[in-house]
Amino acid sequence: MKKIIILAFMCVTAAAGALDFPEALGFLPRGEKTVYDQKELGYSIRFEREAFKMQVYVYGPEGMEIPDGAESPEVKAEMESAEQQIQMMVERGLYKSAEFLRRDTITLRCLSDKTLTLLYTSGKIENAEGQTLLISILVTGYNNQFFKIRYNTPDLPDNAHEKVLETVLTTLGKMVFYQNAATNVDEGTKETIFRAMEALETDPLGEGRFHIPALKEFVNSSPDVIVVFRDSTLRWMRDAPKDEPIFMDALYAAFAGGNTRAQLENNICRDEPVEGLKSVVKVYEAWLKNNEGKNIPSLDELVQFANDGKLEEYIQAGIPKASVAPSATN
């Protein structure tokens, strides 16, 4: 059976047993999260843009052992059930027809050479209006839960359905699976990063600026750290002076570097946005010493949250809220 290898080098973290989804999966922005009132049905999150519609489900019966990956009987049975649900929709008249044309296994490569396999099936459905849609279903086991994607689009030219799905899978490999992995960075590299951050936070436009390229290179290339730039953590950029590229670069590097430093100190690959924001505050305050009276409102707001010890609240204010839905079949 052919395997598609999606290379990925970073992952986003959450508490054990949970998944922290980014604000977009590839081309598709995150929409509403629905928490089902039956615990075993878990929750789902909608990702869509125009004709591209995707629903991601995370769920599992309490007490069931669900191994990671696509090889277990439990995951194979869940994929069979997912296909049967589509056929049942045909029998109920919700679809006129459905045909599965391809079955495969996809392998995502994530942090520290970890891999996760997913069962994949794709085909065509004709909806009640007579429109032909391409459909893809993916199922795997992860963290003792089922992870399932149901994705459909019209039959668009240039293989658009598959191309968008590939961006989704790449993002999943980079930003969702295998969280809280231990870092494996030598002490010499750690000390280099720590010294770079000290220089950046105290003299961002002087000595600190010369450390920015090395910080960027480490954050972008290391398989042992992850920094996620989200709208909810970048609201301080709203009023930042775009006509001062060196200062802007220093702010971005501070967020990434402070975030990274905390991961290296704790020896855990875990996105640390609060620590990144603390470094942004330090760089901004150092900049203000040489730019008195040039206060930036969105950064002043961030400083106030930091001084009040409420950076977590600052982040949470920008995250969409979940809704609660009645029981439903995944």
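Results for (1) under 11 Å from VAL139 (Cα atoms); (2) within 22 Å of the chain's Cα centre (by Cα), shown as yes or no for each residue.
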site: LYS33; (1), (2): no, yes
site: LYS39; (1), (2): no, no
site: VAL56; (1), (2): yes, yes
site: GLY69; (1), (2): yes, yes
site: VAL75; (1), (2): yes, no
Expected output for the stretch 169-187 (first residue closer than 12 Å to LEU19 by Cβ, partner assigned to a helix (DSSP H, G or I), Cβ below 8 Å, 6+ apart or cross-chain) is TYR178/LEU111; TYR178/SER112
Given the conditions (1) at pLDDT 95 or above; (2) not assigned by TED's automatic domain parsing to the domain that holds LYS242, every one holds for LEU302 apart from (2)
- Evaluate the following for ASP243: is it buried (at least 21 other Cβ atoms within 10 Å of the Cβ), of a type outside the set (Lys, Arg) and in a loop (DSSP other than H, G, I, E, B)? no
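Go through ALA98, ALA160 for me and flag whichever is over 27 Å from the mean Cα position of the chain (by Cα) and more than 28 Å from VAL35 (Cα to Cα).
Details: ALA160 fails: over 27 Å from the mean Cα position of the chain (by Cα).
One residue alone meets the criteria, ALA98.
Condition test on GLU80, is it charged (D, E, K, R) and touching a helix residue (DSSP H, G or I) at 6+ places or on another chain (Cβ under 7 Å)? First the steps, then the outcome.
Working: charged (D, E, K, R): yes; touching a helix residue (DSSP H, G or I) at 6+ places or on another chain (Cβ under 7 Å): no.
Taking the combined requirement at face value, the residue does not satisfy it.
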Result of the Cβ filter at 8 Å on the stretch 53-77, keeping first residues that are among the β-branched types (Val, Ile, Thr) and partners that are assigned to a helix (DSSP H, G or I) and surrounded by 18 or more Cβ atoms within 10 Å (Cβ to Cβ), at least 6 apart or interchain, is ILE66/VAL75
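Inspect the stretch 150-164 for any residue being among the acidic types (Asp, Glu), within 23 Å of PHE21 (Cβ to Cβ) and in contact with a Gly (Cβ under 8 Å, 6 or more places away or on another chain) and give the result as yes or no. Working first, answer last.
Keep residues of the stretch 150-164 that are among the acidic types (Asp, Glu), which gives 155, 158, 162.
Checking the rest, the ones that are also within 23 Å of PHE21 (Cβ to Cβ) come to 162.
Add one more test, that the residue is in contact with a Gly (Cβ under 8 Å, 6 or more places away or on another chain), and what stays is none.
There is no residue in the stretch 150-164 that is among the acidic types (Asp, Glu), within 23 Å of PHE21 (Cβ to Cβ) and in contact with a Gly (Cβ under 8 Å, 6 or more places away or on another chain).
Let me confirm something: among VAL58, VAL75, which residue is closer than 22 Å to THR34 by Cβ and assigned by TED's automatic domain parsing to the domain that holds PRO157? Give the derivation first.
Details: VAL75 fails: closer than 22 Å to THR34 by Cβ.
Just a single option satisfies the conditions, and that option is VAL58.
Among the residues in the stretch 274-291, are any over 30 Å from TYR178 (Cβ atoms), part of a loop (DSSP other than H, G, I, E, B) and without any contact (Cβ under 8 Å) to a residue 40 or more places away in the chain? Can you show your working first?
Kept after step one, since they are over 30 Å from TYR178 (Cβ atoms), are these residues of the stretch 274-291: 281-291.
Pick out the ones that are also part of a loop (DSSP other than H, G, I, E, B) and you get 290-291.
Next, only the ones that are without any contact (Cβ under 8 Å) to a residue 40 or more places away in the chain stay: 291.
Yes, there is a match, as at least one residue in the stretch 274-291 is over 30 Å from TYR178 (Cβ atoms), part of a loop (DSSP other than H, G, I, E, B) and without any contact (Cβ under 8 Å) to a residue 40 or more places away in the chain.
Within the stretch 28-54, which residues are part of a loop (DSSP other than H, G, I, E, B) and closer than 15 Å to LEU134 by Cβ? If you could, list the steps in order and put the result at the bottom.
At the first step, the residues of the stretch 28-54 found to be part of a loop (DSSP other than H, G, I, E, B) are 37-38, 42, 50-51.
Within the stretch 28-54, GLU50, ALA51 meet the criteria.
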A careful count of residues in the stretch 78-92 that are outside any loop (DSSP other than H, G, I, E, B) and either outside the structural domain of ALA128 (by TED's automatic domain parsing) or not hydrophobic (A, V, I, L, M, F, W, C) (or both) gives 8
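One line per residue, one yes/no per condition, for (1) in the same structural domain as ARG150 (by TED's automatic domain parsing); (2) in contact with a helix residue (DSSP H, G or I) (Cβ under 8 Å, 6 or more places away or on another chain):
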{"residue": "LEU172", "(1), (2)": "yes, no"}
{"residue": "THR192", "(1), (2)": "no, yes"}
{"residue": "GLU198", "(1), (2)": "no, no"}
{"residue": "HIS211", "(1), (2)": "no, yes"}
{"residue": "LYS216", "(1), (2)": "no, yes"}
{"residue": "ASP224", "(1), (2)": "no, yes"}
{"residue": "VAL228", "(1), (2)": "no, yes"}
Within the stretch 266-278, restricting to residues that are within 22 Å of ASP203 (Cβ to Cβ) and out of contact with any Leu (no Cβ under 6 Å at 6 or more places or on another chain), the one that is surrounded by the most Cβ atoms within 10 Å (Cβ to Cβ) is GLY276
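Please go through the stretch 200-240 and pick out each residue that is hydrophobic (A, V, I, L, M, F, W, C), part of a helix (DSSP H, G or I) and buried (at least 17 other Cβ atoms within 10 Å of the Cβ).
Filtering the stretch 200-240 for residues hydrophobic (A, V, I, L, M, F, W, C) gives 200, 205, 210, 212, 214-215, 218-219, 225-229, 234, 236-237, 240.
Filter once more, keeping what is part of a helix (DSSP H, G or I): 200, 210, 212, 214-215, 218-219, 236-237.
Across the stretch 200-240, the qualifying residues are LEU200, ILE212, LEU215, PHE218, VAL219, TRP236, MET237.
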Looking across the stretch 147-163 at residues that are of a type in the set (S, T, N, Q) and surrounded by 13 or more Cβ atoms within 10 Å (Cβ to Cβ), the single one that is nearest to SER81 (Cα to Cα) is ASN152
GLU129 meets each of (1) free of Cβ contacts under 8 Å to residues at least 12 places away in the same chain; (2) under 15 Å from TYR59 (Cα atoms) with one exception, condition (2)
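The values are calculated or read from the model by the stated rules, or taken from the named source; none is laboratory data. Note that the structure is a prediction, hence the values are computed from the model and not measured. Note that we place each Cβ from the backbone using ideal geometry, even for glycine, and neighbour counts take in every protein chain shown.
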